[in-house]
Amino acid sequence: GTDLACDYFEGTALYVPPEVATGTGLATPAIDVYSHASTIYHLLTGRPVFDGDSPIAIATAHVTQPAPSLETALDKQMTSEYEPYQEPLSMALEKEPQTRPPLEEYLASLKEAQAQAEQRKERTIFDLKRRGKQKGRHKA
């Protein structure tokens, strides 16, 4: 099985980076990147990256399983405004801390994803309003 550091660790299992769960990681910004990405993922999808029957089961999943894509978490109902978040979150949820982006780069990519998401949302609202006006014209 997976060797967790012990049967106990401090933190919230829903957001624990693999290196914290196994006790092998040092306190680095990579830990913050993973935990923050886990939180953003949960906020966007309404579900945590991993869930389980106990904190140990959840921590084990963080160590052993790849993070599901946003599309998977949203049951393939992902609208275009969520798409910009997929790559930054996927990179930030890498198992190995050295493969995660630096904190500043991660935060910049989230800011860019948010700007793209807002543009896509505005276009969608505009398109829906325009379609509504066009449908109204055809009824007359």
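The numbers here are math on the coordinates, done by the rules we state, and not lab data. Here the structure is a predicted model, which is why all the values come from computation and not from measurement. Using ideal geometry, Cβ is built from the backbone for each residue, glycine included, and neighbour counts are taken over all protein chains shown.
Select from region 60-125 those chymotrypsin sites (Phe, Trp or Tyr not before Pro) which occupy a DSSP coil region and have at most 16 other Cβ atoms within 10 Å, ordered by residue number. Counting only loop positions with at most 16 other Cβ atoms within 10 Å, none of the chymotrypsin sites (Phe, Trp or Tyr not before Pro) in region 60-125 qualifies. Taking label positions 7 Å along the Cα-Cβ direction at both Thr39 and Thr64, the computed distance is 2.8 nm, reported to one decimal.
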